[in-house]
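Data block below; observations after.
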Amino acid sequence: MSGLQQLVGLIVLALIAAGVIIAVDYRTVQPKAPVDDRVLACYALIPADRQAGLHFKYEPDTKTATVDVDAEETTKRPTNEQLDTFIQCLHVFIKDVRLATASQPAAPLGEVADHWSASGQVGLKLTLMPGSNNEVLNNLRFGPASGNKSDIVAAWCKGAAACVKCDPQEPTPQTLEVLVSLLPGSHTNKVQMPGSWETPNQAKPWQLVDRKGRRFFYECGQAS
C-alpha cells in the first residue's frame, strides 16, 4: 500500500470514527450523483481557503470523473501541487480521473508545460526546447485562455510568433506534442505578476520570485 493510500485510509477511518460529515458547497463541487465519503475525504485534502473555482463531475455508470478549475486567477485558487494531490487521491477510488484543461489562467510557459504533463492530464503536451535564454522561455506568459488545448496553443503560438517557434505551428485536436523554442534576438519585457508569493527554497526554472515576494514573467514584444 502506498503512502498516499495509507493517508487516505486514515482520513476515511477518522471520519467514520468521529461521525463527521463533510459539508460540501455544491456551487463549488458539482457532482452529477452523490459523492461518497471517500471522495469527500480527497476533497478535504485541499485547504478550505483554496477550494474556490474547483468543479468535480462524476459519472457513476462508467466510474469516471473530471476535475475542472476556473480560468480566473485568484489567491483562493488551488495550487498545482494541491490539485495533483487531489487527483492522486481520487485515483485510489475512481478508475479514471481526468483534469480538464479547457480553462488556463495566466502562468509562465514552463509551469503550464509541467502541469500538462502531470498525472491525470490528457491530450496535448508542451515541450520546451533548450536555447540561449532558458529563463525567458520558461517564464513567457501563457494565457489566460479557454477552449481545448490545441486551440489554446495555436492561438498562443500565433500571438507570440515574434518570440517563439512552435512545431507544429497550428496543432489540431489529434496533435500529441508541440515543441516550443525561443527565437534568437527576440524582444521581451519582464512584467510583475499580480499577488504576493513565497520565495521557494529550490526554485524551478519557471519560478522568478524575489526576496520581496514579487514574481515575474516575460511578455513577448511585437515583431519589428
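So which residues in segment 37-95 are closer than 25 Å to SER146 by Cβ, part of a helix (DSSP H, G or I) and either open to solvent by 50 Å² or more (accessible area, probe 1.4 Å) or at pLDDT 75 or above (or both), if there are any at all?
Of everything in segment 37-95, those that are closer than 25 Å to SER146 by Cβ, part of a helix (DSSP H, G or I) and either open to solvent by 50 Å² or more (accessible area, probe 1.4 Å) or at pLDDT 75 or above (or both) turn out to be TYR43, ASP49, ARG50, GLU81, GLN82, LEU83, ASP84, THR85, PHE86, ILE87, LEU90.
Only one residue in SER117, SER132, SER146 is open to solvent by 30 Å² or more (accessible area, probe 1.4 Å) and over 29 Å from THR66 (Cα atoms). Which one?
SER132
Somewhere in segment 182-196, is a residue surrounded by 15 or more Cβ atoms within 10 Å (Cβ to Cβ), part of a strand (DSSP E or B) and in the same structural domain as LEU124 (by the TED database)?
Yes - at least one qualifying residue is present in segment 182-196.
The values are calculated or read from the model by the stated rules, or taken from the named source; none is laboratory data. All figures in this text were calculated on a predicted structure; none of them were measured in a lab. Please note: Cβ atoms are built from the backbone with ideal geometry, for glycine as well, and neighbour counts cover all protein chains shown. Calculation scope for accessible area: heavy atoms of the full protein, side chains included, ligands and nucleic acids excluded. Shrake-Rupley method; radii C 1.70, N 1.55, O 1.52, S 1.80 Å.
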